[in-house]
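I have placed the structure first, in the form of structure tokens, so that the comments after it can refer back to it.
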Amino acid sequence: MHLFEFVPVSQLAEGAPRHRRSIYRSAYLDIRLREESAQGSYDYDLIVIGGGSAGLACAKEAVLNGARVACLDYVKPTPTLGTKWGVGGTCVNVGCIPKKLMHQASLLGEAVHEAAAYGWNVDDKIKPDWSKLVQSVQNHIKSVNWVTRVDLRDKKVEYINGLGSFVDSHTLVAKLKSGDRTITAQTFVIAVGGRPRYPDIPGALEYGITSDDLFSLDREPGKTLVVGAGYIGLECAGFLKGLGYEPTVMVRSIVLRGFDQQMAELVAASMEERGIPFLRKSVPLSVEKQDDGKLLVKWKNTETGEEAEDVFDTVLWAIGRKGLVDDLNLPNAGVSVQKDKIPVDSQEATNVANIYAVGDIIYGKPELTPVAILAGRLLARRLYGGSIQLMDYADVATTVFTPLEYACVGLSEEDAVKQYGADEVEVFHGYYKPTEFFIPQKSVRYCYLKAVAERHGDQRVYGLHYLGPVAGEVIQGFAAALKSGLTINTLINTVGIHPTTAEEFTRLTITKRSGLDPTPASCCS
Ligand code: FAD
Ligand code: NDP
């Protein structure tokens with residue numbers, strides 16, 4: 001049955017000798033007909049559980065390829081503030097989009113101050129209005145929720161606002177406001193994503209918030225303890241500082257685990273230079289609410305064992321995300337789980353033949369929106385469009401939207417060394433001075449980039465790393481080049497666009513091994 005879901009009639013027949021094609025075609029159609037009549041006994045060809053980036057992409061593409069599709073989406077309120085949101089998933093409601101808007105708000109504040117140096121007459125007492133910012137961000141989100149629902153209706157995906165849980169591998173109960181509804185399908189795609197974790201310490205759930213609450217917070221965050229030094233912790237601390245608040249970042253072990261550690265430490269140093277303290281090697285012990293409403297946080301240094309405490313207005317947990325497997329009743333369907341995630345093979349198939357999974361919920365893959373969207377779309381094409389194209393999870397570019405942004409694609413320096421050996425890896429690097437930083441005399445200390453490459457032969461580029469303004473815009477194009485087999489020779493023979501910061505990649509001639517000073521003498525020669 002599976003085979004015929006993946007192999008289109010065109011391939012099945014056209015690849016065969018001419019005299020056999022009609023036999024294959026009729027065999028295929030016969031099976032297809034039997035399959036369709038079997039499918040007729042189900043309510044839908046496909047039920048997608050989760051209406052986020054992955055689920056929506058998959059559901060819409062499946063309909064385009066002729067399937068009858070329902071998509072369930074349900075958001076449980078947050079434990080501390082009861083925050084809820086509409087269809088569209090994490091990215092739109094409590095992830096990439098509100099984060100980028102708040103990051104932009106913070107960069108604009110910085111730009112207004114720079115504008116004065118460029119000759120604009122600006123009031124140096126300008127300050128942001130948190131409630132207005134939240135309102136603007138939430139208005140945008142509501143408009144996206146509305147467009148999403150219209151789009152689903154137009155594309156004939158049945159949207160069900162209910163929490164799905166399996167009865168068996170072909171049957172689901174959707175818990176709706178109006179009661180339970182039992183529905184069946186030939187195929188299921190699990191795209192339920194994740195939610196922020198809370199530490200298991202006193203006061204965590206009662207008094208701490210997460211990114212799920214931050215973008216709609218109805219009061220100013222004020223002095224904020226951000227626990228966690230991954231993407232979310234650093235990004236939130238970055239924009240809170242830019243908006244005039246006082247974030248402190250608590251780091252359990254290292255900053256930005258999984259990233260190139262030289263770059264990660266430069267990101268941290270650039271944030272510290274802006275006045276964001278980092279509490280290293282520390283873990284929280286408890287949160288208590290004082291009589292004045294402020295939060296008393298106690299923590300411990302994991303190296304010295306020393307305990308310390310301070311008072312904050314807000315405590316933000318940014319300690320990673322948990323896959324939403326619990327409500328799905330996966331044992332009823334027989335689907336395996338690994339550390340709150342669902343392991344899948346290269347087809348995104350789970351261990352149960354008719355059940356697939358995509359997006360953040362799958363085990364061991366990047367938790368990023370474009371990954372979720374492309375994997376969801378490709379899965380639908382394979383299921384219903386006769387495609388055989390698999391998702392390529394390698395060399396996915398990403399950006400950490402800290403005040404000075406960090407973007408990268410491909411291998412970190414340490415991973416390249418681990419994979420190929422130190423003698424086989426060449427690192428080209430350099431500091432640079434963005435032209436627009438000169439007049440406002442912004443710090444260029446951390447504007448740095450490097451290309452991690454093969455040492456000999458064609459010098460294929462394994463990874464590119466950039467710390468500086470508009471990092472995502474810079475790296476996105478280079479990501480296509482890297483996936484196309486970029487070499488150092490091609491990179492340094494590419495004519496730059498002057499004066500940009502992206503052109504610095506075409507000027508990388510100094511290797512770490514040479515020991516030469518990688519700071520630039522001039523910008524234009
Ligand atoms: P989700 O978008 O989480 O969608 C899953 C949906 O399923 C949710 O609506 C959920 O409520 C629903 N659901 C769960 N269980 C059930 C059930 N049983 N029944 C019905 N519905 C259910 N990625 C980037 O690429 N760039 C960024 O800049 C970026 N910034 C981020 C910032 C933050 C603060 C966060 C938290 C994430 C960020 N991400 C970013 C990651 C990105 O948001 C996720 O990778 C992406 O949203 C994953 O999509 P998904 O469809 O797998 O899951
Ligand atoms: P991460 O896994 O990136 O970081 C979690 C951080 O919390 C780590 O520093 C970790 O430290 C720390 N931590 C974990 N448990 C504890 C604990 N009990 N006490 C103290 N600290 C702890 O998770 P995030 O929540 O930041 O992000 C989740 C995912 O969302 C990311 O992986 C990313 O894919 C996606 N995302 C993408 C963004 C983008 O593309 N710009 C932005 C935001 C999120 P340790 O290293 O010691 O484990």
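The values are calculated or read from the model by the stated rules, or taken from the named source; none is laboratory data. Keep in mind it's a predicted model, so treat the numbers as computed, not measured. For neighbour counting, all protein chains shown are included, and Cβ atoms are generated from backbone atoms with ideal geometry for every residue, glycine included. Side chains included, ligands, DNA and RNA excluded: accessible areas come from the protein's heavy atoms. Shrake-Rupley method; radii C 1.70, N 1.55, O 1.52, S 1.80 Å.
Show that you can apply the helix-only estimate: for the chain, add -39,500 (n - 2.57) for every DSSP H stretch of four or more residues, divide by all residues, and state [θ] at 222 nm to the nearest 500. Don't skip to the end; give the middle numbers.
Working: 16 runs with 177 residues, N = 525.
Value at 222 nm, helices only, nearest 500: -10000 deg cm²/dmol.
Can you tell me, using C-alpha contacts under 8 Å and at least 6 residues apart, the relative contact order of the chain as a whole percent? Intermediate results must be reported in sequence, preceding the final value.
Working: 1063 pairs, mean separation 79.0, N = 525.
The normalised contact order for the chain reaches 15 percent.
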**OP:** Within the stretch 159-195, list the trypsin sites (Lys or Arg not before Pro) lying in a DSSP loop whose Cβ has at most 15 other Cβ atoms in a 10 Å radius.
**Re:** Lys177
Original post:
Out of every Cα-Cα pair in the stretch 204-319, what percent are more than 24 Å apart?
Top reply: 21 percent
Original post:
At Ala349 and Glu110, where each label point lies 7 Å from the Cα along Cα→Cβ, what is the point-to-point distance in nanometres?
Top reply: 4.8 nm
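Given charges of +1 on the Cβ of Lys and Arg and -1 on the Cβ of Asp and Glu, with all other atoms neutral, how large is the dipole of the chain about its Cα centre, in debye to the nearest 20?
On the way: 56 positive and 63 negative charges, 264 e Å.
Computed charge dipole of the chain: roughly 1260 debye.
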Subject >> Accessible-area order (highest first, 1.4 angstrom probe) of the listed residues Tyr74, Tyr431, Tyr466 >> reply: Tyr74, Tyr431, Tyr466
Original post:
Once amide H atoms are built 1.01 Å from N in the peptide plane, which residues 5 or more positions from Ile342, or in another chain, come under 5 Å H to H?
Top reply: Ile362, Tyr363
Original post:
What residues of the stretch 102-133 lie in the reach of a label at Glu473, counting those whose backbone N is under 18 Å from a point 7 Å from the Cα along Cα→Cβ?
Top reply: 102-115
**OP:** Could you grab the relative contact order for the stretch 204-319? Cα pairs under 8 Å, six or more apart, rounded to a whole percent.
**Re:** 34 percent
**OP:** Quick one: which residues, 5 or more positions from Val167 or on another chain, have an amide H under 5 Å from its amide H? H modelled 1.01 Å from N in the peptide plane, none for Pro or chain starts.
**Re:** Leu172, Val173
Subject >> Listed residues Ser522, Tyr462, Thr302: farthest to the positive end of the dipole of the chain (Cβ charges) >> reply: Tyr462
Original post:
Membrane-span-like helices in the chain: DSSP H runs reaching 27 Å or more (Cα, own axis), mean Kyte hydropathy at least 0.0?
Top reply: 96-117
Subject >> Net length gained if the chain between Glu424 and Asp392 were fully extended (0.36 nm per residue, minus Cα distance) >> reply: 9.0 nm
**OP:** Quick one: how many lysine pairs does the stretch 388-490 have with C-alpha atoms less than 21 Å apart and a gap of 8 or more or different chains? Give me the count, please.
**Re:** 5
**OP:** For an R0 of 35 angstrom, estimate the FRET efficiency from the Cβ-Cβ distance between Thr304 and Arg219 and round to the nearest 0.05.
**Re:** 0.50
Subject >> Relative contact order computed over the stretch 404-525 (Cα-Cα under 8 Å; 6+ residues apart), in percent >> reply: 32 percent
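Accessible area of the chain with a 1.4 Å probe: how many percent of it is carbon plus sulfur? Walk me through the intermediate numbers first.
On the way: 13040 of 24460 Å².
Of all accessible area on the chain, carbon and sulfur atoms account for 53 percent.
Given charges of +1 on the Cβ of Lys and Arg and -1 on the Cβ of Asp and Glu, with all other atoms neutral, how large is the dipole of the stretch 383-445 about its Cα centre, in debye to the nearest 20?
Numbers: 4 positive and 10 negative charges, 88 e Å.
With only Lys, Arg, Asp and Glu charged at Cβ, the dipole is about 420 debye.
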Subject >> Contour excess over end-to-end distance, with Cα ends at Arg274 and Arg507 and 0.36 nm allotted per residue >> reply: 81.1 nm
Subject >> Size of electric dipole in the stretch 90-137: Cβ of Lys, Arg +1 and of Asp, Glu -1, about Cα centre, debye, nearest 20 >> reply: 240 debye
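Of the listed peptides 423-430, 373-380, what is their order by residue-averaged count of other C-beta atoms within 10 Å, with the highest listed first?
Peptide ranking by packing, descending: 373-380, 423-430.
Where both partners of a DSSP beta bridge lie in the chain, what percent of those bridges are antiparallel, to the nearest 5?
Details: 53 of 82 bridges.
Antiparallel: roughly 65 percent of the beta bridges in the chain.
State which entries of Lys100/Lys142; Lys100/Lys241; Lys142/Lys365; Lys177/Lys289; Lys127/Lys294 exceed 26 angstrom in Cα-Cα distance in the structure shown. Intermediate results must be reported in sequence, preceding the final value.
On the way: Lys100/Lys142 16 Å; Lys100/Lys241 15 Å; Lys142/Lys365 29 Å; Lys177/Lys289 34 Å; Lys127/Lys294 23 Å.
The answer is Lys142/Lys365; Lys177/Lys289.
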**OP:** Excluding residues fewer than 8 places away in the same chain, name every one of the lysines whose C-alpha is closer than 20 Å to that of Lys60.
**Re:** Lys155, Lys156
Subject >> Rounded Å value of the spacing that divides the Cα centres of the stretch 335-387 and the stretch 177-202 >> reply: 15 Å
Original post:
Once all Cα-Cα distances of the chain are split into 10 Å bins that start at 0, what whole-number percent is in each one?
Top reply: 3, 16, 24, 24, 19, 9, 3, 1, 0
Original post:
Which three lengths, in whole Å and largest first, does the stretch 90-137 cover when its Cα atoms are put on their principal axes?
Top reply: 40, 19, 10
Subject >> Cα pair distances of the stretch 421-489 binned at 5 Å [whole percent] >> reply: 4, 15, 22, 21, 16, 12, 7, 3, 1
**OP:** Beta carbons within 10 angstrom, averaged per residue: use that to sort the peptides 406-418, 95-107, highest first.
**Re:** 406-418, 95-107
**OP:** Whole number in Å², please: accessible area per residue of the chain, 1.4 Å probe, ligands, DNA and RNA not counted.
**Re:** 47 Å²
Subject >> Built amide H within the under 5 Å cut-off of Phe215, gap 5+ >> reply: none
